[in-house]
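What follows is a single structure, written as structure tokens, with notes after it.
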Amino acid sequence: MRRLIVPLLFGIAGIAILVSLGTWQLQRLEWKRGILTEIEATIGGDPIPLPAAPTPEAHRYEPVALSGEIAPGELHVLVSRKRVGAGYLVISPFVTEEGRRILLDRGFVVNEDKAATRPTGPAQVQGNLHWPDDRNSSTPENDVDGNIWFARDIDQMAQVLNTEPILVIARQVTPPDPGVTPLPVDTSGIPNDHLQYAITWFSLAAVWLIMTVAYIWRARPNKEA
């Protein structure tokens with residue numbers, strides 16, 4: 001029986017580690033749900049005037065109300081929507097009543113409407129401050145000359161449109177933009193995969209248990225020998 005002690009201890013240790021990892025992921029799941037609830041509460045809060053110097057640490061997702069005018073000029077960010085297909089986000093300069101010039105994500109247009117003429121002039125906007133993280137290792141560089149952008153790089157867009165590096169994503173524009181569908185910020189793009197991770201670790205623990213039991217069963221002393 002002594003020869004079974006080492007594999008038994010090894011099996012118990014492995015199961016304990018895998019179960020602890022699964023439990024940790026469940027704890028992370030609850031933590032992430034709390035974070036998402038806080039973000040949703042921020043997104044749906046009462047709009048405030050545009051802060052003097054917004055920062056991503058203090059003002060990400062903060063709802064704002066703007067009065068001013070949409071200025072001429074557009075940047076087109078290539079995106080894709082489920083059940084719709086490829087299209088573009090329209091980014092325009094917005095000049096507030098106080099004279100500040102910022103970036104406004106007006107929303108989504110389909111490919112066919114990319115070259116359409118969109119209205120400028122006086123407008124009221126309700127939206128959210130955001131610092132989107134669109135870029136990853138496989139994202140191409142923006143084609144600035146061809147006005148095809150692959151990521152909303154705020155600093156670069158601000159240089160091209162001569163604005164402050166501040167982006168507001170529209171929730172509602174008055175008067176409405178014909179042909180433009182606002183895509184307000186929400187939590188759907190924030191990953192929360194901790195439940196899947198927990199299931200994976202618990203499944204591995206179950207497999208480890210089965211393998212341990214099978215090994216010990218095969219290695220048990222054969223009394224008939």
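The values are calculated or read from the model by the stated rules, or taken from the named source; none is laboratory data. All values derive from a computational prediction rather than experimental measurement. Counting neighbours? That spans all protein chains shown, and the Cβs are built from the backbone with ideal geometry, glycine included.
Residue check: residue 106 meets all listed conditions (1) surrounded by fewer than 21 Cβ atoms within 10 Å (Cβ to Cβ); (2) at pLDDT 95 or above but one, namely (1). Just to be sure before I move on: is residue 138 more than 28 Å from residue 191 (Cα to Cα), polar (S, T, N, Q) and either surrounded by 16 or more Cβ atoms within 10 Å (Cβ to Cβ) or out of contact with any Cys (no Cβ under 8 Å at 6 or more places or on another chain) (or both) in the structure I sent? Judged against the criteria, residue 138 is not a match. Could you check, for the stretch 30-47, whether at least one of its residues is without any contact (Cβ under 8 Å) to a residue 60 or more places away in the chain, over 30 Å from residue 208 (Cα atoms) and more than 17 Å from the chain's Cα centre (by Cα)? Yes: one or more hits.
Look at residue 174 and say whether it is hydroxyl-bearing (Ser, Thr, Tyr) and either surrounded by 17 or more Cβ atoms within 10 Å (Cβ to Cβ) or under 19 Å from residue 87 (Cα atoms) (or both). The answer is no for residue 174. Candidates are the residues of the stretch 177-225 that are surrounded by 13 or more Cβ atoms within 10 Å (Cβ to Cβ) and polar (S, T, N, Q); the one that is farthest from residue 42 (Cα to Cα) is 212. When residues in the stretch 88-103 are screened for being under 15 Å from residue 67 (Cα atoms) and touching a residue at least 60 places away in the same chain (Cβ under 8 Å), 7 of them pass. Under the condition of being without any contact (Cβ under 8 Å) to a residue 24 or more places away in the chain and among the β-branched types (Val, Ile, Thr), the residues counted in the stretch 104-160 number 3. Among residues of the stretch 155-171 being β-branched (Val, Ile, Thr) and touching an Asp or Glu at 6+ places or on another chain (Cβ under 9 Å), the one that is surrounded by the fewest Cβ atoms within 10 Å (Cβ to Cβ) is 169. Considering the conditions (1) in a helix (DSSP H, G or I); (2) touching a residue at least 40 places away in the same chain (Cβ under 8 Å); (3) within 19 Å of the chain's Cα centre (by Cα), residue 196 is excluded by exactly one of them, (2). Just one of the listed residues (13, 53) is out of contact with any Pro (no Cβ under 8 Å at 6 or more places or on another chain) and assigned by TED's automatic domain parsing to the domain that holds residue 208, namely 13.
Of the residues 119, 140, 165, which single one is modelled with pLDDT under 95, in a loop (DSSP other than H, G, I, E, B), assigned by TED's automatic domain parsing to the domain that holds residue 87 and under 27 Å from residue 47 (Cβ atoms)? After ruling out the rest, the residue left standing is 119. Anything in the stretch 55-74 that is surrounded by fewer than 15 Cβ atoms within 10 Å (Cβ to Cβ) and part of a loop (DSSP other than H, G, I, E, B)? List them, or say none. Matches in the stretch 55-74: 55, 72, 73. Residues in the stretch 84-100 that are within 26 Å of the chain's Cα centre (by Cα) and in a strand (DSSP E or B): 85, 86, 87, 88, 89, 90, 91, 92, 93, 94. Residue check: is residue 152 surrounded by 12 or more Cβ atoms within 10 Å (Cβ to Cβ), outside any strand (DSSP E or B) and either of a type outside the set (Gly, Ala, Ser) or modelled with pLDDT under 95 (or both)? In short, yes.
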